[in-house]
2 protein chains.
Amino acid sequence: MARTLKIAAAQMGPVHLTSKRPETLSRMITLLQSASSLGAQLVLFPETAFTTFFPRHLIASQEQLDTYFEHNDNLPCAPNTKPLFDEAKKLGIDISVGFAERAEDGKGYNTSVYFSARKGEVIAKYRKVHLPGTKEPFENPDAVNQLEKRYFEPGNLGFKAFRTPDLVEGVAKKGAGEGEAAPGKGDPVMGMMICNDRRWVEGWRIYGMQGVEVVLCGYNTAGFAPDLWGTRKVMTPEEAEKDAVFHHKLVMQGNSYMNSCFSVSAAKAGLEDGKYDLIGGSCITSPEGHVLAEAKGKGDEIVFAEVDLEDCRQGKEKTFDFDRHRRIDQYGPITEQTGVVEPELLG
Amino acid sequence: MARTLKIAAAQMGPVHLTSKRPETLSRMITLLQSASSLGAQLVLFPETAFTTFFPRHLIASQEQLDTYFEHNDNLPCAPNTKPLFDEAKKLGIDISVGFAERAEDGKGYNTSVYFSARKGEVIAKYRKVHLPGTKEPFENPDAVNQLEKRYFEPGNLGFKAFRTPDLVEGVAKKGAGEGEAAPGKGDPVMGMMICNDRRWVEGWRIYGMQGVEVVLCGYNTAGFAPDLWGTRKVMTPEEAEKDAVFHHKLVMQGNSYMNSCFSVSAAKAGLEDGKYDLIGGSCITSPEGHVLAEAKGKGDEIVFAEVDLEDCRQGKEKTFDFDRHRRIDQYGPITEQTGVVEPELLG
């Protein structure tokens, strides 16, 4: 029996430092309504969707910094975010959206939540594990900073997959009588990751080991930034952006294939503040690693596909049957060591 | 300073059940000479290069089975293999080549070795960790068996990277005086994997964590086989082969990028015994995930590229600086659990 799901990525064009929160929110609601008109059941929004990508700026004022964060994780009640969740509930569409989270202990996290329209509540939360960039700003004033390590703590919630209720037909529910199908079996298995996480095989694999069927990944990815690392490849801005899009799609396609799952990725794209270039390339990929749909431009745009979650089975039961083929006795270094060790010197 | 290396994949066309070992060996030597004429310093041959891909056959006779194995791992001395190593030494070309290994305790392994021409000896050995297929043959007589799990034990040597001596210029050697550069630093860091291993991120990552610069992977990959798994995708043989080549290149490109290394892959390709189709697609990929060179056909063919190992630095020092970005505290399940666990049921 087919287990179809209509999914969408809500790519957003630039959100500037000067953009008003209500304007941005209004764009997001318009995107949600567009997705609804296509029949979408689930819409993914980008990383830090409600604001500009502020980690590129060194922000000295705590007051200013606070304006980019939500001070609790109860987004559906906060004034700057509530209308989006209200609209999702009204339209009956699940959403996943990224935001900067200020935890109760004052720590910051780069977070995304999954909101179930039928439940009317956030049912899952993920905090970005792989924070790129640096803690301290670059000395070179021409550099574009990437201060995620300054403003955020690495995510501490792991990579927890979850089944989303009420999205596909014919699934037995909790409280089903004895002898009936196990409750929830058949509900889609989802996992969230954020931006740079998609380049790290470890998160994908841990989701794969929970049978993930759809990985959701919002992102803000620079198309071009001056090279301050002394590395040797020099590219034009156009070449650099093309390569960044290539790398984005390569990791979405490759990791979807190697974990037999669909993926949805949603960019914040275009020139923020008229000069900070972010790539587009929002796309939906299949468990066989193919791109099923992708953004045409770098503005606000819905990328949509209807998929059959049963397409994950071929990979999960054959080439990537982890139970039969993984060899954890040979994998020790992956969790025992963080960085690079010198290989044996032969000869 | 550039650290250039001229590398080649020696793709081989089909080797049949009826092919005579000296004929196959002669083809390999011809390929080596072709690579030499291009200036290659290192040539990779396929998995089980000296024989047909025998695990597709159920072989009841131990005597017949033994003809596909080498009874020790001292290939450079065995009569059916020695001439290849002699030629490599004579031409001054390092080679890596796959073969079926019969260990001293009688166990079988799907193995590859790295032979240093200057040393005149095998300096590294790898045993395939991710054996695909089944232990028992399929009941359906139309099925193409894949009996690697029957004939081989999973590799037990881990993923050990190694530096190869004498391949690049200007590297200090063992015994260098005090104050000189550390011996071996600057020698290329190599890692071997075999066929199906390339689809598994764990091996790549462990090599990456040793600073690998070139991953070598020989393979025999079916282009089309009847689907006996009851999974739902039905393809024509042409579509299936196209998809198999796509998956091959996707994992070579994606994993090269995510571990900032070059890769070289060498197929045994074409129709073995006139009916078992193997894909081509032998290629060399860059640390940025691009294909630098690839096979044009499915016969005996050299794929060649001159690369600069310094191109690995950009990835290793920036996006994929493992020391700064990996978060092993969040990776536990990768080594704690083999298969798939049920995710939390929400709602």
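Look at (1) surrounded by fewer than 20 Cβ atoms within 10 Å (Cβ to Cβ); (2) under 24 Å from A:ARG163 (Cβ atoms); (3) away from chain B (no Cβ under 12 Å) and you find that A:PRO79 fails only one, number (2).
For the stretch A:19-40, a residue qualifies if it is outside any helix (DSSP H, G or I) and either in contact with a Lys or Arg (Cβ under 6 Å, 6 or more places away or on another chain) or without any contact (Cβ under 8 Å) to a residue 24 or more places away in the chain (or both), and the qualifying residues are A:LYS20, A:GLY39, A:ALA40. The single condition among (1) touching a residue at least 12 places away in the same chain (Cβ under 8 Å); (2) in a helix (DSSP H, G or I) that B:THR51 does not meet is (2).
When you scan the stretch A:107-121, do you find a residue that is more than 24 Å from A:CYS283 (Cα to Cα), modelled with pLDDT of 95 or more and outside any strand (DSSP E or B), even just one? If you could, list the steps in order and put the result at the bottom.
Residues of the stretch A:107-121 that are more than 24 Å from A:CYS283 (Cα to Cα), as a first pass: A:107-109, A:118-121.
Filter again for modelled with pLDDT of 95 or more, leaving A:107-109.
With the extra rule that they be outside any strand (DSSP E or B), the set shrinks to A:107.
Scanning the stretch A:107-121 turns up at least one residue that is more than 24 Å from A:CYS283 (Cα to Cα), modelled with pLDDT of 95 or more and outside any strand (DSSP E or B).
For the stretch A:217-234, the criterion of a residue being more than 25 Å from A:GLY186 (Cα to Cα), within 8 Å of chain B (Cβ to nearest Cβ) and among the basic types (Lys, Arg) is satisfied by at least one position. So is A:PHE304 surrounded by fewer than 23 Cβ atoms within 10 Å (Cβ to Cβ), closer than 14 Å to B:GLY339 by Cα and touching a residue at least 60 places away in the same chain (Cβ under 8 Å) or not? Against the criterion (surrounded by fewer than 23 Cβ atoms within 10 Å (Cβ to Cβ), closer than 14 Å to B:GLY339 by Cα and touching a residue at least 60 places away in the same chain (Cβ under 8 Å)), A:PHE304 does not qualify. Scanning the stretch A:239-248 turns up at least one residue that is crowded, with 20+ Cβ neighbours inside 10 Å, under 23 Å from A:ARG199 (Cβ atoms) and at the interface with another protein chain (Cβ under 10 Å from one of its Cβ atoms).
Suppose we filter B:GLY289, B:GLY254 for residues that are within 12 Å of another protein chain (Cβ to nearest Cβ), assigned to a loop (DSSP other than H, G, I, E, B), in contact with a Leu (Cβ under 7 Å, 6 or more places away or on another chain) and not basic (Lys, Arg); which single one remains?
B:GLY289
Just one of the numbered conditions (1) part of a loop (DSSP other than H, G, I, E, B); (2) within 7 Å of chain A (Cβ to nearest Cβ); (3) buried (at least 16 other Cβ atoms within 10 Å of the Cβ); (4) among the hydrophobic types (A, V, I, L, M, F, W, C) is not true of B:PHE320: (2).
Output the residues belonging to the stretch A:331-347 that are surrounded by fewer than 21 Cβ atoms within 10 Å (Cβ to Cβ), in a helix (DSSP H, G or I) and at the interface with another protein chain (Cβ under 7 Å from one of its Cβ atoms). Residues satisfying the conditions are A:PRO333, A:THR335.
Looking only at residues in the stretch B:122-153 that are outside any loop (DSSP other than H, G, I, E, B), over 17 Å from the mean Cα position of the chain (by Cα) and surrounded by fewer than 19 Cβ atoms within 10 Å (Cβ to Cβ), the one that is farthest from the other protein chains (Cβ to nearest Cβ) is B:ARG150.
From A:PHE53, A:PHE85, which residue is hydrophobic (A, V, I, L, M, F, W, C) and farther than 22 Å from A:GLY120 by Cα?
Details: A:PHE85 fails: farther than 22 Å from A:GLY120 by Cα.
Sole residue among the options that is hydrophobic (A, V, I, L, M, F, W, C) and farther than 22 Å from A:GLY120 by Cα: A:PHE53.
Summed over the stretch A:263-286, the residues that are in a loop (DSSP other than H, G, I, E, B) and among the basic types (Lys, Arg) give a count of 1. Based on this model, can you work out whether A:GLU344 counts as within 30 Å of A:MET12 (Cα to Cα) and in contact with a strand residue (DSSP E or B) (Cβ under 9 Å, 6 or more places away or on another chain)? No.
For beta carbons closer than 7 Å, sequence separation of 6+ or different chains, a first residue in the stretch B:277-292 that is acidic (Asp, Glu) and a second that is assigned to a strand (DSSP E or B), the qualifying pairs are B:ASP277/B:ALA222; B:ASP277/B:LEU271. Selection within the stretch B:257-271: residues that are of a type in the set (Gly, Ala, Ser) and crowded, with 24+ Cβ neighbours inside 10 Å. The member of this set that is nearest to the other protein chains (Cβ to nearest Cβ) is B:SER260.
The values are calculated or read from the model by the stated rules, or taken from the named source; none is laboratory data. Keep in mind the model is a prediction, meaning the values are calculated, not measured. Don't worry about glycine lacking a Cβ; one is built from the backbone with ideal geometry, like all the others, and counts go over all protein chains shown.
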